[in-house]
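Participant: Below you will find the structure I want to go over with you.
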Amino acid sequence: MNAGVLPSRTLAIRSGVNISAVNRHGGLRHLGGYLHLTGETVVAFFIALSIQTAGNPDALRLVTRDCQLAHPLDEHRIIVEWAKPRAGAKVKRAQRRSFDRRRRHAAPNLIDKVLAMTAPLAARASRQDRNRLFLVKSEKKDAVTLVVEATLSHALKAFIKRSNARISIWNKAAPERARQLLPDFAAVLLRGSVATEYYKASGGDIVATQDVLNHARADTTELYIKGPQTRRIQRETIVRLQGLMLGWIVGAKADPQDQAQRDSIALANDATVPFSHDCLNPATGTAPGSATGRICRHFGGCLRCPGLVIPIDAEHMARILRAIGELERARKRIDPRRFELLYAPSLRILVDDILPDFPQSLRAEAEGRILALPILPALE
């Protein structure tokens, strides 16, 4: 009757349907779910596809019935394609993800089910909605239309309520395997939640997450993954990278007996800056803003270090003059932009801040000592 579409109450009565019997079995709305997609059943498919595609909810709501394409290289994979409205919906950017059809609940298999469940509705939809995937029958107007945002929102709340009722029954029966209740959420939050989960699974790789969300810029992706979990991952990533950097500086640990030495990061005996000035222990925490046991925040920029001590004698003046001479020669052969970026700040500090502190009376002796100094590495 009615070509497989749930009839209105008036049409059902007119056709001789026993409404009392229908009501005993859940009513017309409940029975409609056995015939075709309804507002109550659409939300489960919508949530699953939102999670798998990481798509914008409004863009997925508009997905078409011909959204599946054969993969050009893998016979087991299917490409799902949809449009993402941009620039006031005037320009659309194609979104694509491929899925392995061999997985039971993969997006292509779910889409096939939705296509079958909406097949009776497609013929009765208007011309503008006929090619849409998510078609439902309006109970009030007895018309077939594309599901609207309000219907999805209402169905989502009912879905959460039903799911939590089933979870509560499960938890009561099996408390040792208790499941977590679903939080109250909106469809618009799904994309951000999926982005955060991908970010966590990738170990904090924002580029990988950017690729999943199909963003042109990483800073756009960052807007989707903000939160306490993301900040924790970022802190852990920074700590891990700092550990690798310190390991590179102090060398690999030979055995457990070296742990105390590694903790103190005692580098003063061997570490030198490019101009042969011994570096004070970078983990003592003496420089402003630095903490004991952590690498000095000025490490690597020793000429700017507030704790830098240069004895005023002929030998150190010779080192300063040797460094200035090498920098001046490097200026002539190095690309000007590279020199200005890497070496010019050090040259200015040597010439303007350090050299004037040496008395002119030491200059003659210092110049005589230059030839006896070790050759500085060539600057590139």
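Participant: Being more than 22 Å from residue 38 (Cβ to Cβ) and either in contact with a strand residue (DSSP E or B) (Cβ under 9 Å, 6 or more places away or on another chain) or among the aliphatic types (A, V, I, L, M) (or both): is that true of residue 158 here? Please lay out each step first, then the result.
Facilitator: Values: more than 22 Å from residue 38 (Cβ to Cβ): no; either in contact with a strand residue (DSSP E or B) (Cβ under 9 Å, 6 or more places away or on another chain) or among the aliphatic types (A, V, I, L, M) (or both): yes.
So residue 158 does not fit the description; no.
Participant: Here are 41, 64, 53, 10: which of them is in contact with a Gly (Cβ under 7 Å, 6 or more places away or on another chain) and not assigned by TED's automatic domain parsing to the domain that holds residue 195?
Facilitator: On the way: 64 fails: in contact with a Gly (Cβ under 7 Å, 6 or more places away or on another chain); 53 fails: in contact with a Gly (Cβ under 7 Å, 6 or more places away or on another chain); 10 fails: in contact with a Gly (Cβ under 7 Å, 6 or more places away or on another chain).
Result: 41 is the single residue among 41, 64, 53, 10 that is in contact with a Gly (Cβ under 7 Å, 6 or more places away or on another chain) and not assigned by TED's automatic domain parsing to the domain that holds residue 195.
Participant: Same structure, new question: All but one of (1) assigned to a helix (DSSP H, G or I); (2) among the polar types (S, T, N, Q); (3) at pLDDT 90 or above hold for residue 180, so report the exception by its number.
Facilitator: (1)
Participant: A further question follows. Quick one: is residue 80 over 23 Å from residue 142 (Cα atoms) and either under 30 Å from the mean Cα position of the chain (by Cα) or in a helix (DSSP H, G or I) (or both)?
Facilitator: Numbers: over 23 Å from residue 142 (Cα atoms): yes; either under 30 Å from the mean Cα position of the chain (by Cα) or in a helix (DSSP H, G or I) (or both): yes.
Taking the combined requirement at face value, the residue satisfies it.
Participant: Of these, 98, 126, which one is loosely packed, with under 14 Cβ neighbours inside 10 Å and farther than 28 Å from residue 160 by Cα? If you could, list the steps in order and put the result at the bottom.
Facilitator: Values: 98 fails: loosely packed, with under 14 Cβ neighbours inside 10 Å.
Going through 98, 126 in turn, just one is loosely packed, with under 14 Cβ neighbours inside 10 Å and farther than 28 Å from residue 160 by Cα: 126.
Participant: Any residue at all in region 37-44 that's closer than 23 Å to residue 150 by Cβ and among the polar types (S, T, N, Q)? Step through it out loud before you land on a result.
Facilitator: Step one: of region 37-44, the residues closer than 23 Å to residue 150 by Cβ are 37-44.
In the following step, the residues that additionally are among the polar types (S, T, N, Q) were identified as 38, 41.
Looking for residues that are closer than 23 Å to residue 150 by Cβ and among the polar types (S, T, N, Q), one finds at least one in region 37-44, hence yes.
Participant: Checking the structure you have, find out if any residue of region 67-90 is acidic (Asp, Glu), farther than 26 Å from residue 197 by Cα and touching a residue at least 40 places away in the same chain (Cβ under 8 Å). Spell out how you get there, then give the answer.
Facilitator: Looking only at region 67-90, we keep the residues that are acidic (Asp, Glu), and these are 74-75, 81.
Remaining after also requiring farther than 26 Å from residue 197 by Cα: 74-75.
Going one step further and asking which of them are touching a residue at least 40 places away in the same chain (Cβ under 8 Å), we end up with none.
No; the residues of region 67-90 include none that is acidic (Asp, Glu), farther than 26 Å from residue 197 by Cα and touching a residue at least 40 places away in the same chain (Cβ under 8 Å).
Participant: Another one. Quick one: how many residues across region 164-177 are of a type outside the set (Asp, Glu), assigned to a helix (DSSP H, G or I) and surrounded by fewer than 14 Cβ atoms within 10 Å (Cβ to Cβ)? Walk me through how you get there before you give the answer.
Facilitator: Going through region 164-177, the residues of a type outside the set (Asp, Glu) turn out to be 164-175, 177.
Keeping just the survivors that are assigned to a helix (DSSP H, G or I) gives 164-173, 175, 177.
Restricting the remaining residues to those that are surrounded by fewer than 14 Cβ atoms within 10 Å (Cβ to Cβ) gives 165-166, 168-170, 172-173, 175, 177.
Number of matching residues: 9.
Participant: Across region 1-27, which residue is farthest from residue 119 (Cα to Cα) among those that are of a type in the set (A, V, I, L, M) and modelled with pLDDT under 70?
Facilitator: Applying the first criterion (of a type in the set (A, V, I, L, M)) to region 1-27 yields 1, 3, 5-6, 11-13, 17, 19, 21-22.
Those still in the list that are modelled with pLDDT under 70 too: 1, 3.
On the way: 1: 15, 3: 10 Å.
Among those residues, the one meeting the criterion is 1.
Participant: Moving on to the next point. Any residue at all in region 37-52 that's assigned to a loop (DSSP other than H, G, I, E, B) and not hydroxyl-bearing (Ser, Thr, Tyr)? Walk me through it before giving the result.
Facilitator: Start the filter on region 37-52 by keeping residues that are assigned to a loop (DSSP other than H, G, I, E, B), which leaves 37-38.
Next cut, not hydroxyl-bearing (Ser, Thr, Tyr) only: 37.
Within region 37-52, one or more residues are assigned to a loop (DSSP other than H, G, I, E, B) and not hydroxyl-bearing (Ser, Thr, Tyr).
The values are calculated or read from the model by the stated rules, or taken from the named source; none is laboratory data. From a predicted model like this one, the values you see are computed outputs, not experimental measurements. No Cβ is skipped: glycine too gets one built from the backbone with ideal geometry, and neighbour counts run over all protein chains shown.
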